[in-house]
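Please read the structure below before turning to the comments.
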Amino acid sequence: AEDSKRRVLKDVFGFDDFRPGQDAVTEALLAGRHVLAVMPTGAGKSLCYQVPALVLGGLTIVVSPLVALMQDQVAALRLAGVAADTINSSLDRDANVAAWRRVAAGQTRLLYLAPERLMTTRMLEALARLDIRLIAVDEAHCISQWGPAFRREYEELSRLRGIFPDVPIIALTATADETTRTDIAAQLFAGCVETLVLGFDRPNIKLGIEAKQDGKRQLLSFVQRHAGRSGIVYCLSRKKTEEMAGFLDRNGVRALAYHAGMSKDAREANQNAFMTLSGVVMVATIAFGMGIDKPDVAYVFHTDLPGSLEAYYQEIGRAGRDGRAAEAHMLFGLGDIRMRRLFIDDEDAPAEHKRRAHGRLDTLIGYCETAQCRRQILLGYFGETAMPCGNCDNCLDQTPQADGEAEARIVFAA
Ligand code: ADP
Ligand code: MG
Ligand code: ZN
């Protein structure tokens with residue numbers, strides 16, 4: 001399933017990495033669990049059900065409150081080559097009949113419906129005969145009576161669970177407020193649901209970027225400032241991880257390498273040491289990190305430019321899970337840009353894919369070169385607006401009096 005969802009992400013939607021949250025949500029749905037996903041606007045909620053819909057096959061029903069939204073989504077999906085349909089009041093009868101024929105014939109993967117249309121007896125009976133694998137309720141806060149967006153038609157959706165007892169349901173909303181969340185969970189899932197709440201900010205991670213000069217020396221002095229703490233150092237190549245680990249080791253820092261070219265035993269031994277001992281520095285390629293949940297990683301150090309802003313965010317997110325002050329530090333040089341451009345150009349991929357990859361790289365470079373608050377740029381990319389954070393190099397350069405640790409916040413609650 002891991003493979004097929006990544007393939008769908010890349011081949012259908014053209015993205016290399018899941019955004020924060022998407023991976024976990026997709027995983028839960030594919031395992032047949034109900035999910036309530038609370039993610040900021042622009043976070044990429046649609047993909048949370050579109051990817052599973054395509055991996056699962058059969059029919060996915062998407063409930064959406066606005067006809068215009070449905071039309072947009074269906075048009076975008078069709079552009080990507082996905083069989084999507086909508087049946088709604090803005091289409092003429094013939095178009096709706098044609099759409100239904102495709103759905104009934106099993107040709108449609110995603111069917112977008114307004115709640116009032118879905119919850120008619122006729123529609124429900126007709127759908128019951130089809131192979132429904134997933135139900136997505138978008139803008140799920142519309143079900144909450146206390147919210148400003150309440151829609152009476154959404155209340156009816158509380159019957160879905162009973163009507164399709166074997167179909168996983170995902171509810172999506174950007175309204176993170178506790179009351180609304182509880183209300184959605186109660187109405188759609190009788191309280192029984194895996195809830196993923198995601199704000200993208202990790203305020204305890206200090207963000208910094210430094211011009212790359214003598215990378216080894218820069219790494220050593222950084223690591224020595226954090227002596228005794230666990231950290232992850234990312235390098236672009238396997239060879240470099242071993243060189244850097246050896247160099248740190250010779251300079252009195254307990255460092256281990258990790259990359260996909262090592263034997264399984266050696267990898268496991270190093271990972272084990274990192275997880276169980278304190279103060280070990282793991283010098284790794286991106287092969288290291290997936291599913292690593294060590295709460296007290298004090299820093300993530302990039303000796304080279306990561307692949308994208310998404311990848312960077314994911315990688316630095318491995319620091320400071322315990323909420324304590326942590327650091328994300330990157331060395332950035334022009335050589336890295338050239339290298340990344342070459343990677344993209346050398347890839348055996350369609351021109352359109354390369355164009356997008358260069359675009360993503362530009363975004364990342366923009367982040368590296370900005371004089372603005374880095375957190376603002378990073379969060380802005382994920383659709384969150386933020387005030388200058390006071391905990392990145394750019395903010396700190398301007399406000400030398402900024403004091404102490406940023407307040408820790410729990411941003412991911414399962
Ligand atoms: P939301 O519904 O959470 O507001 P959308 O589903 O509309 O967000 O997605 C917002 C934007 O993010 C879209 O342009 C989408 O293509 C983009 N996006 C979503 N997932 C990814 C990803 N994994 N990588 C890059 N861009 C993504
Ligand atoms: Mg949306
Ligand atoms: Zn800042």
What ranking do 244, 282, 339 get, fewest neighbouring Cβ atoms within 10 angstrom at the top?
339, 244, 282
With +1 on the Cβ of every Lys and Arg and -1 on the Cβ of every Asp and Glu, and nothing else charged, how large is the dipole of the chain about its Cα centre, in debye rounded to the nearest 20?
560
Percentage relative contact order, segment 275-346, counting C-alpha pairs under 8 Å, at least six apart:
33
Which is the longest stretch in the chain that no exposed loop site breaks, taking sites as GluC sites (Glu not before Pro) with a DSSP loop state and at most 16 other Cβ atoms within 10 Å?
1-346
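Over the Cα atoms of the chain, Rg to Rh with Kirkwood Rh, two decimal places? Intermediate values should be presented prior to the final figure.
Values: Rg = 23.6 Å, Rh = 23.3 Å.
Rg/Rh for the chain comes to 1.01.
Using the 2.2 N^0.38 Å rule of thumb for compact globular proteins, work out how segment 106-151 stacks up: its C-alpha Rg over that value, please. Could the numbers behind the result be given before it?
Details: Rg = 12.8 Å, N = 46, 2.2 N^0.38 = 9.4 Å.
Taking the Cα Rg and dividing by 2.2 N^0.38 Å, one obtains 1.36.
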Where does helix 178-189 land angle-wise versus the long Cα axis of the chain, in degrees 0 to 90, nearest 10?
50
How high is the relative contact order of the chain? Use alpha-carbon pairs under 8 Å, at least six apart in sequence, and give a whole percent.
17
Which lysines does residue 354 reach when only Cα atoms under 18 Å apart count, and residues fewer than 8 places away in its own chain are ignored?
10
Of the beta bridges DSSP finds with both residues in the chain, what % are antiparallel, to the nearest 5?
5
Give the angle, between 0 and 90 degrees and rounded to the nearest 10, that separates the Cα long axis of helix 264-276 from the longest principal axis of the Cα atoms of the chain.
80
If you fit an axis through the alpha-carbon atoms of helix 334-346 and take the longest principal axis of the Cα set of the chain, what angle between them do you get, 0 to 90°, nearest 10?
40
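No value in this document is a laboratory result; all are computed from the given coordinates. This one's a predicted model, so the numbers in the text were calculated from it and none came from an experiment. All Cβ positions, even for glycine, are placed from backbone atoms using ideal geometry, and neighbour counts span all protein chains on display.
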